[in-house]
Amino acid sequence: MNPVDSLRIRKRKLAEPGFLTPPLPSNEIDLVACATILFSAEDASHPIEHLLDGRSGRGATRWTSGRQSAGEEIVIEFDEPQHIARVMFDAEELETERTQQVTMEFSTDGGATYRTALVQDYTFSPHGSTYQREDLGFNLRGVTHVRLIVIANKAGHGAASLTSLRLFS
């Protein structure tokens with residue numbers, strides 16, 4: 001008898017890397033379950049759902065604007081006010097040299113007014129920096145809306161894009 005045949009181990013085949021969505025950390029806000037996502041544009045092959053699919057890092061799925069050289073908005077409209085203690089997002093650009101600007105604003109009055117929490121520029125170059133990630137701490141209470149304004153290229157041509165967005169309480 002072959003020794004391998006007599007072994008009884010519990011086993012299962014792993015899925016392909018990047019295709020499993022791990023469970024959310026206990027303090028991650030489930031944006032799909034507790035918010036409505038509003039957006040100004042999306043590319044049909046890179047829809048807004050890709051921003052929230054749990055994948056991040058180099059080579060992950062991404063949201064891309066359906067318009068060139070346009071400022072885009074993504075608004076997260078919460079069902080109930082939230083406490084936001086941490087924000088993580090990332091972007092990857094492999095083809096176009098550009099400087100993308102991301103502004104994050106929040107509202108505590110149902111979207112009537114917004115306050116700026118972050119303005120950050122990311123410079124991408126196919127022969128240099130192609131990936132950027134932010135992991136930021138905040139203490140924002142009673143947040144009803146989060147708005148991201150993404151300027152695709154401050155100096156010209158390009159499409160706005162983000163790979164992932166995660167919020168934590």
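All of THR123, THR96, THR116 fail the test of being among the hydroxyl-bearing types (Ser, Thr, Tyr) and in a loop (DSSP other than H, G, I, E, B), apart from THR96.
Exactly one residue out of GLU73, GLU42, GLU49 is within 21 Å of GLU105 (Cα to Cα) and in contact (Cβ under 8 Å) with a residue 60 or more places away in the chain, and it is GLU73.
Within segment 79-124, if we keep just the residues that are touching a residue at least 60 places away in the same chain (Cβ under 8 Å) and β-branched (Val, Ile, Thr), the residue that is surrounded by the fewest Cβ atoms within 10 Å (Cβ to Cβ) turns out to be THR96.
For segment 132-165, give me each residue that is in a strand (DSSP E or B) and either farther than 14 Å from VAL102 by Cβ or more than 18 Å from the chain's Cα centre (by Cα) (or both). Passing the criteria: GLY137, PHE138, ASN139, LEU140, ARG141, GLY142, VAL143, THR144, HIS145. Within segment 125-136, residues that are under 23 Å from LEU148 (Cβ atoms) reach partners that are among the aliphatic types (A, V, I, L, M) and assigned to a loop (DSSP other than H, G, I, E, B) with beta carbons closer than 7 Å, at six or more positions or on different chains, in the pairs THR130/LEU94.
No lab work stands behind these numbers, since they all come straight from the coordinates. The structure displayed is predicted, hence computed values, not measured ones. In this analysis, Cβ positions are derived from the backbone assuming ideal geometry, glycine residues included, and neighbour counts consider all displayed protein chains.
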